[in-house]
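Asks: Structure in structure tokens, see below.
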Amino acid sequence: QVQLVESGGGLVQPGGSLRLSCAASGLRFSIYTMAWFRQVPGAVREFLVTKSYRAGRTRYSDSVRGRFTISRDNGKNTVYLEMNSLKPEDTGVYYCAASGRDRAIDSYEFDYWGQGTQVTVSS
């Protein structure tokens, strides 16, 4: 079956950096659009960034553009999220997701989800 497993979360000080990874198995990774979402208690899951499988088209939310970078390694079936200049408001559970739709951006368009990894930005 399909599995997405996130790793790399943790506690970091404001202004610091973290790199999240999401290892996929059970699907043909190269033809899936991959994305990262974030959720905090009591709020809906927030779209952060997506990277399509066609030409690697990338879209970022305004909240992370210029600070976060998504990349994918199709040979390793892994997508990464490099996070820099972290702020306390970046705290939350980070999820990776996979969609068979090239232009997927809304959470309902994603077919598979990881279990999430906690990121806490605090001094």
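The values are calculated or read from the model by the stated rules, or taken from the named source; none is laboratory data. Keep in mind that what you see is a predicted model, and the values were worked out from it rather than measured. Note that we place each Cβ from the backbone using ideal geometry, even for glycine, and neighbour counts take in every protein chain shown. Keep in mind that these areas ignore ligands, DNA and RNA; they rest on the heavy atoms of the full protein, side chains included. Shrake-Rupley method; radii C 1.70, N 1.55, O 1.52, S 1.80 Å.
Asks: If you take the residues in the stretch 67-84 that are in contact with a Lys or Arg (Cβ under 6 Å, 6 or more places away or on another chain) and among the β-branched types (Val, Ile, Thr), which one is nearest to Arg28 (Cα to Cα)?
Replies: Looking at residues that are in contact with a Lys or Arg (Cβ under 6 Å, 6 or more places away or on another chain) and among the β-branched types (Val, Ile, Thr), I get Val79.
Asks: Hey, another quick one. Quick check on Ser52: is it more than 19 Å from Ser7 (Cβ to Cβ), free of Cβ contacts under 8 Å to residues at least 60 places away in the same chain, among the hydroxyl-bearing types (Ser, Thr, Tyr) and touching an Asp or Glu at 6+ places or on another chain (Cβ under 6 Å)?
Replies: yes
Asks: Do the conditions hold for Ser85, that is, is it closer than 15 Å to Phe47 by Cβ and either modelled with pLDDT under 95 or not β-branched (Val, Ile, Thr) (or both)?
Replies: No, not satisfied.
Asks: Could you look through the stretch 46-73, keep only residues that are under 17 Å from Phe110 (Cβ atoms) and open to solvent by 80 Å² or more (accessible area, probe 1.4 Å), and pick out the one that is modelled with the lowest pLDDT?
Replies: Applying the filter and picking the extreme gives Arg54.
Asks: Among the residues of the stretch 11-38, write down those that are open to solvent by less than 50 Å² (accessible area, probe 1.4 Å) and either of a type in the set (D, E, K, R) or more than 17 Å from Gly75 (Cβ to Cβ) (or both).
Replies: Within the stretch 11-38, Val12, Gly16, Leu18, Leu20, Thr33, Ala35, Trp36, Phe37, Arg38 meet the criteria.
Asks: Where residues in the stretch 74-100 are loosely packed, with under 15 Cβ neighbours inside 10 Å and among the charged types (D, E, K, R), which of them is farthest from Gln1 (Cα to Cα)?
Replies: Checked the stretch 74-100; the qualifying residue farthest from Gln1 (Cα to Cα) is Lys87.
Asks: Would you mind stating whether Phe37 is closer than 12 Å to Ala97 by Cα, in contact with a strand residue (DSSP E or B) (Cβ under 6 Å, 6 or more places away or on another chain) and modelled with pLDDT of 95 or more?
Replies: yes
Asks: What about Leu27, is it of a type in the set (A, V, I, L, M), outside any loop (DSSP other than H, G, I, E, B) and more than 12 Å from the chain's Cα centre (by Cα)?
Replies: Taking the combined requirement at face value, the residue does not satisfy it.
Asks: Within the stretch 74-114, how many residues are out of contact with any strand residue (DSSP E or B) (no Cβ under 8 Å at 6 or more places or on another chain), of a type outside the set (S, T, N, Q) and in a loop (DSSP other than H, G, I, E, B)?
Replies: Residues that pass the stated criteria total 1.
Asks: In this structure, does Arg38 turn out to be under 18 Å from Ser122 (Cβ atoms) and among the basic types (Lys, Arg)?
Replies: Criteria met by Arg38.
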